[in-house]
Amino acid sequence: MPGIELKNVTKAFGAATVIDNVSLSIRPHEFMVFLGPSGCGKSTLLRMIAGLESVDAGEIWIGDRRVDQLAPGERRVAMVFQHYALYPHMTVRENMSFGLRNVRLAEVEIVKRVASAARMLEIDHLLERKPGQISGGQRQRVAIGRAIVKEPQLFLFDEPLSNLDAALRVRTRLEIAQLHQRIEAAIVFVTHDQVEAMTLAHRIVVMNNRRIEQIGTPMEIYSRPATTFVAGFVGTPAMNFISASLVESGNGFASVCLPDGALVETHIDKASLPASQSFKLGIRAECVDICEIGQGNTAGTAHFVERLGDRTLIYVRLADGATVVAEDAGDSRVQLNDQVGIKFNGAAGHLFDDQERGHHAAQDARG
């Protein structure tokens, strides 16, 4: 199966640029997720690959074929939409075979492909039903099956789980992951849901404001975010950000002072940082511990306690008014308005400069 290459792709609607000079390579059989907030351009980029939106500048290649000037039907891609777009008067079998009949594929081949896709998706017992007679999750499987029977070089999914309830989203997410193991084509999947991105993707493209913020594996995105946007968008709860200034340290690692006077020593090479003395310390909740007052870096007041069963999130207001989210045990005894100590795991901290770029500990330096 071929890879996909986007070269300096730009798209505008009137005076508004929605995709700004984006370049991207997708490997053969890769599961690539476009992740970002509403309006960032991820669905537009997907539709440009599909041929549903034109390209104003740049090129799109699938293997050794340039496709941005080809009609959608000539690109050998199949798209699954957020809305199922099934024909209500047709049976499941007829919906799945409709596109194949339009291109006059031999009937014996149509029957074979529909039967194979139905077995793969476990909907073979639904083939004679109409969309109104099956559930939302089953309708989504039919839409996926309609794409599978085309035997495309590339599958494009545009937020396909958005209309499903929470439990069904989890199950369908697992089914899509298993489907990818059984097909040869690459998948490009658009979502604003970071859980979908983290659990499905080989690599994630984090998009914001018409451009790519970072490309990486799920754990690269989570553990070494390139910008404050990525750090704040990926992860629940969002990464803590605290204003920080560099202070002298004797071991080569960057140490910072927080507004309330707390000192935190990171494992970031001080020599790798830009000249600015003004930074934000970024640290995730699981790297901030609740402790006895006087035993940590600083202290504050618990102004919200969120009990999640396996863990408890404590929202602590510091003396300067900033809020830090810390993680405690599921059976945490912390109550609202308690005074608590805070201990930062500086080895897991990040520093973000005044250009919002992330600086991280060397891979072998983190504790």
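The values are calculated or read from the model by the stated rules, or taken from the named source; none is laboratory data. Computed from a predicted model, the values in this text were never measured in an experiment. Note that we place each Cβ from the backbone using ideal geometry, even for glycine, and neighbour counts take in every protein chain shown.
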Condition met for I148 (farther than 30 Å from F352 by Cβ, buried (at least 23 other Cβ atoms within 10 Å of the Cβ), modelled with pLDDT under 90 and β-branched (V, I, T)) = yes
Within the stretch 177-192, track down each residue that is over 14 Å from M32 (Cβ atoms), in a loop (DSSP other than H, G, I, E, B) and at pLDDT 85 or above.
-> H192
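Would you point out the residue of the stretch 270-285, among those that are part of a loop (DSSP other than H, G, I, E, B) and at pLDDT below 90, that is surrounded by the fewest Cβ atoms within 10 Å (Cβ to Cβ)? Steps first, answer last, please.
So in the stretch 270-285, the residues part of a loop (DSSP other than H, G, I, E, B) come out as 273-277, 284.
Checking which are at pLDDT below 90 leaves us with 275-277.
Values: A275: 5, S276: 11, Q277: 12.
Result: A275.
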Inside the stretch 80-89, can you point out the residues that are touching a strand residue (DSSP E or B) at 6+ places or on another chain (Cβ under 6 Å), assigned to a loop (DSSP other than H, G, I, E, B) and not aromatic (F, W, Y)?
-> Q82
State the number of residues belonging to the stretch 224-251 that are in a helix (DSSP H, G or I) and either in contact (Cβ under 8 Å) with a residue 40 or more places away in the chain or charged (D, E, K, R) (or both).
-> 5
Among the numbered criteria (1) touching a strand residue (DSSP E or B) at 6+ places or on another chain (Cβ under 8 Å); (2) under 17 Å from E94 (Cα atoms); (3) free of Cβ contacts under 8 Å to residues at least 60 places away in the same chain, which single criterion is violated by K150?
-> (3)
Within the stretch 37-79, which residues are under 18 Å from the mean Cα position of the chain (by Cα) and assigned to a strand (DSSP E or B)?
-> none
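Suppose the filter is crowded, with 21+ Cβ neighbours inside 10 Å, modelled with pLDDT of 90 or more and farther than 25 Å from V103 by Cα; does L154 pass it? Write out each step before concluding.
Values: crowded, with 21+ Cβ neighbours inside 10 Å: yes; modelled with pLDDT of 90 or more: yes; farther than 25 Å from V103 by Cα: no.
No.
Condition (residue is part of a helix (DSSP H, G or I) and of a type in the set (D, E)) applied to the stretch 155-176: is it met by at least one residue?
Looking only at the stretch 155-176, we keep the residues that are part of a helix (DSSP H, G or I), and these are 166-176.
Going one step further and asking which of them are of a type in the set (D, E), we end up with 175.
Scanning the stretch 155-176 turns up at least one residue that is part of a helix (DSSP H, G or I) and of a type in the set (D, E).
Could you tell me which of the residues V288, V264, V316, V324 is touching a helix residue (DSSP H, G or I) at 6+ places or on another chain (Cβ under 6 Å), surrounded by 18 or more Cβ atoms within 10 Å (Cβ to Cβ) and not acidic (D, E)? Spell out the reasoning first.
Numbers: V288 fails: touching a helix residue (DSSP H, G or I) at 6+ places or on another chain (Cβ under 6 Å); V316 fails: touching a helix residue (DSSP H, G or I) at 6+ places or on another chain (Cβ under 6 Å); V324 fails: touching a helix residue (DSSP H, G or I) at 6+ places or on another chain (Cβ under 6 Å).
Within the list V288, V264, V316, V324, the selection yields V264.
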Looking at the stretch 332-367, which of the residues that are among the basic types (K, R) and surrounded by 14 or more Cβ atoms within 10 Å (Cβ to Cβ) is modelled with the highest pLDDT?
-> K343
In the stretch 219-241, what residues are in contact with a Lys or Arg (Cβ under 8 Å, 6 or more places away or on another chain) and either at pLDDT below 95 or surrounded by fewer than 22 Cβ atoms within 10 Å (Cβ to Cβ) (or both)?
-> A226, T227, T228, G235, F241
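Considering G63, G39, which residue is free of Cβ contacts under 8 Å to residues at least 60 places away in the same chain, in the same structural domain as M207 (by TED's automatic domain parsing) and not hydrophobic (A, V, I, L, M, F, W, C)? It would help to see each step written out before you state the result.
Details: G63 fails: free of Cβ contacts under 8 Å to residues at least 60 places away in the same chain.
It is G39.
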The correct count of residues that are over 16 Å from A50 (Cβ atoms), in a loop (DSSP other than H, G, I, E, B) and either in contact (Cβ under 8 Å) with a residue 40 or more places away in the chain or in contact with a helix residue (DSSP H, G or I) (Cβ under 6 Å, 6 or more places away or on another chain) (or both) in the stretch 1-36 is 7
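Taking the conditions exactly as written (small (G, A, S) and part of a helix (DSSP H, G or I)), does A254 satisfy them or not? Break it down stepwise before answering.
On the way: small (G, A, S): yes; part of a helix (DSSP H, G or I): no.
In short, no.
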State whether one or more residues within the stretch 100-122 are of a type outside the set (A, V, I, L, M), crowded, with 21+ Cβ neighbours inside 10 Å and over 27 Å from the mean Cα position of the chain (by Cα).
-> no
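How many residues does the stretch 186-202 contain that are farther than 17 Å from F229 by Cβ and either surrounded by 20 or more Cβ atoms within 10 Å (Cβ to Cβ) or in contact with a Ser or Thr (Cβ under 6 Å, 6 or more places away or on another chain) (or both)?
8
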When the residues of the stretch 257-269 are filtered to those that are among the aliphatic types (A, V, I, L, M) and not in a strand (DSSP E or B), which remaining residue is nearest to L351 (Cα to Cα)?
-> L258
Does the stretch 100-123 contain at least one residue that is in contact with a Leu (Cβ under 6 Å, 6 or more places away or on another chain), assigned to a loop (DSSP other than H, G, I, E, B) and either of a type in the set (D, E, K, R) or at negative phi (or both)?
-> no
Identify the residue in the stretch 111-140 that is within 22 Å of I183 (Cα to Cα) and of a type in the set (D, E) and, among all such residues, is modelled with the highest pLDDT.
-> D124
